[in-house]
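Please read the structure below before turning to the comments.
The values are calculated or read from the model by the stated rules, or taken from the named source; none is laboratory data. What you see is a predicted model; the values in this text were computed from it and never measured. Cβ placement follows ideal geometry from the backbone for every residue including glycine, while neighbour counts extend to all protein chains displayed. The accessibility values were calculated without ligands, DNA or RNA, using every heavy atom of the protein model including side chains. Shrake-Rupley method; radii C 1.70, N 1.55, O 1.52, S 1.80 Å.
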Amino acid sequence: MTQFADIPALTAELNGFAERIATLKLPLRWWKSSFAHDVIDRVFRHLHLTVPDELRAFYAWSNTFSTEAREYIPGFGEIEIFGHSVSTYLLCLLNKHGDPDSNIPSDGDRYRRSWFPLGAVYGERHDVIHAVVLDCDVTPQAASPVYLFSRTGRPQLIGPSLLDVVQTWNQLLDIGYWSYDPDAHGWSLHPDKIPSGLRAVAQLAACTTPRRST
């Protein structure tokens, strides 16, 4: 059954996420920016992809984070600006972890052409270890499933929509799974606080949460 994209709800959750982060008084700068729709459309046509409604809403969101901010924010620790995500997409298709002629992942070692990365964790050789990817192969007005692509394991469904993922980030903050330590300039994870239903996304959070030390 198709889940329809709820753009007002997604925007509200993103704004709620920003409000939660703002109360923590992190040492970061904010900048409000968005990507013009015609720029996104032009790039996606070149990539032979369709822009899903949720992805367009994400890049049009008014509370976009600066690079510095992303280094401090859980979940968004590896979320990249649009241009960098395009480069990651091409890297996933062209390197050994991607097969541009196949749409079927096998043993976690193939990358679907329709997956567009919001961000990635890279190895020492600049290869992609993990990537947070959103599926672009959806019908108009449909929600986009979000996966964790891994070089070493099978892709894992994080949520049936980007809205679900951002809602979960907010829940993780509300229950205290994430806590910020201003003395260490970094985040701590508290697995004892995680409900069983959120464990899959918590695993994602653990690999994308920036930790800082003095």
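Extending each Cα 7 Å along its Cβ direction at Ser188 and Arg45, get the distance between those two points in nm, one decimal.
Distance between label points: 5.3 nm.
Going from most exposed to least, what order do Asp164, Asp137 have by accessible area with a 1.4 Å probe?
My answer, sorted largest first, is Asp137, Asp164.
Using a Förster radius of 41 Å, what is the FRET efficiency between Ala60 and His126 based on their Cβ-Cβ separation? Nearest 0.05, please.
0.90
Taking R0 as 22 Å, what's the FRET efficiency between Ser87 and Thr152 from their Cβ-Cβ distance, rounded to 0.05?
Result of the calculation: an efficiency of 0.50.
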